[in-house]
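K.L.:
My questions all concern the structure below.
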Amino acid sequence: MSAGARVFRLGNHEVQLLNVEPGGAASSRLPPKPLLIASPTDGGDFPVLLFLHGYLLYNSFYSQLIRHIASHGFIVVAPQLYTLSGPDSTAEIHSAASTADWLPVGLPPVLPPSVRPDLAKLAVAGHSRGGKVAFALVLGRGARASLSFSAVIGIDPVDGMGRGKQTVPPVLTYVPGSFAMEAAAMVLGSGLGELPRGPLLPACAPAGVNHRDFAAECCPPSCYLVAGEYGHVDMLDDAPPGLRGRATHCLCKAGAARGPMRAFVGGAVVAFLRAFLEGDPRDLLALRDDPAASPVSLSAATFLLEETVTC
């Protein structure tokens with residue numbers, strides 16, 4: 001196995017999935033939203049990733065993905081921001097911020113014994129509209145958390161139905177390098193996401209508001225990777241339950257299978273978090289130097305890792 005390929009396989013940590021139900025305003029130890037947490041079970045201090053689901057999806061649809069990330073030594077906290085929502089994502093940004101603010105007091109007691117969150121090493125990631133919310137949170141568009149994020153990751157992020165049809169609050173400005181933030185940024189895209197599934201089904205990640213536009217506004221240090229032969233929801237679980245779960249196989253143009261895309265997203269996230277939360281860039285540099293180590297073919301791979309490079 002090449003050095004760059006190891007992050008695309010499950011890591012060495014045993015992982016436990018935990019469901020934590022929300023509490024009322026009077027309880028600071030219960031989260032503001034339902035949570036799905038993927039945590040290593042062996043004792044130690046672990047960085048934390050706040051993971052935000054996509055539009056009208058459930059956090060449980062990402063259980064295989066967040067388990068992959070956690071198996072490499074990260075605590076992944078995935079709130080269920082809503083079950084139904086309209087085009088305005090302001091409430092989601094506030095919910096993400098309040099979940100982040102809950103972490104210092106509420107997260108330690110719900111983790112397995114001897115597992116401790118290292119909130120000095122905190123990142124946020126989101127898929128689809130959750131990717132927009134992740135960037136909005138770090139940029140302070142709509143709300144800002146009290147904790148600082150060292151990294152932000154957009155997984156096929158979407159900011160509306162098309163250019164000129166952004167949802168509130170808009171995140172994209174269409175000015176290259178306009179994302180002025182201290183956090184390192186990664187954007188992962190899908191090549192099929194901007195293609196409609198059929199004549200009656202619009203693209204799930206339309207051109208003009210998708211990964212390409214988010215990547216253009218990121219300043220170094222940043223990474224931009226695109227899986228050209230995979231679709232917008234191909235990183236979800238293989239068989240998410242219920243009507244919404246079945247719908248994920250019907251609404252977006254998809255690749256041949258979800259496993260390779262999920263391994264790619266999980267591994268790329270792990271490599272990026274190791275570089276910018278733990279100060280260990282070896283896996284990210286290995287992927288840069290050998291893109292063929294990825295389980296999917298990359299149609300774009302841009303690594304702007306030197307902060308001295310200007311936008």
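The values are calculated or read from the model by the stated rules, or taken from the named source; none is laboratory data. Only a predicted model underlies this, so the values are computations on that prediction, with no experimental measurement involved. Virtual Cβ from ideal backbone geometry, glycine too; neighbours counted across all protein chains shown.
K.L.:
Against the condition in contact with a helix residue (DSSP H, G or I) (Cβ under 6 Å, 6 or more places away or on another chain), over 22 Å from residue 149 (Cα atoms) and either buried (at least 17 other Cβ atoms within 10 Å of the Cβ) or at pLDDT 95 or above (or both), how does residue 275 come out, does it pass? Even if it seems obvious, please write down each step before you answer.
P.N.:
Numbers: in contact with a helix residue (DSSP H, G or I) (Cβ under 6 Å, 6 or more places away or on another chain): yes; over 22 Å from residue 149 (Cα atoms): no; either buried (at least 17 other Cβ atoms within 10 Å of the Cβ) or at pLDDT 95 or above (or both): yes.
Taking the combined requirement at face value, the residue does not satisfy it.
K.L.:
Right, something else. Filter the range 33-53 down to residues that are outside any strand (DSSP E or B) and more than 20 Å from the chain's Cα centre (by Cα) and give me whichever is modelled with the highest pLDDT. Can you show your working first?
P.N.:
To start, the set of residues in the range 33-53 that are outside any strand (DSSP E or B) comprises 33-34, 41-43, 53.
Going one step further and asking which of them are more than 20 Å from the chain's Cα centre (by Cα), we end up with 41-43.
Values: 41: 98, 42: 95, 43: 92.
Looking at the filtered set, the residue picked out is 41.
K.L.:
Now a separate question. Out of everything in the range 124-159 that is in a helix (DSSP H, G or I) and among the aliphatic types (A, V, I, L, M), what residue ends up being surrounded by the most Cβ atoms within 10 Å (Cβ to Cβ)? Outline the logic, then answer.
P.N.:
Kept after step one, since they are in a helix (DSSP H, G or I), are these residues of the range 124-159: 129-139.
Applying the additional criterion that residues be among the aliphatic types (A, V, I, L, M) yields 133-134, 136-139.
Details: 133: 33, 134: 29, 136: 25, 137: 27, 138: 22, 139: 19.
Going through the qualifying residues, I end up with 133.
K.L.:
Need the failing condition index for residue 29 against (1) within 16 Å of the chain's Cα centre (by Cα); (2) at pLDDT below 95; (3) under 14 Å from residue 111 (Cβ atoms), just the number.
P.N.:
(1)
K.L.:
In addition: Which of the residues spanning the range 206-253 are of a type in the set (Gly, Ala, Ser) and touching a Cys at 6+ places or on another chain (Cβ under 8 Å)?
P.N.:
Residue satisfying the conditions is 231 alone.
K.L.:
Counting only residues that are touching a Leu at 6+ places or on another chain (Cβ under 7 Å) and outside any strand (DSSP E or B), which one in the range 102-120 is nearest to residue 133 (Cα to Cα)?
P.N.:
Applying the first criterion (touching a Leu at 6+ places or on another chain (Cβ under 7 Å)) to the range 102-120 yields 103-104, 106, 110, 117, 119.
Remaining after also requiring outside any strand (DSSP E or B): 103-104, 106, 110.
Values: 103: 18, 104: 21, 106: 22, 110: 25 Å.
Here the answer is 103.
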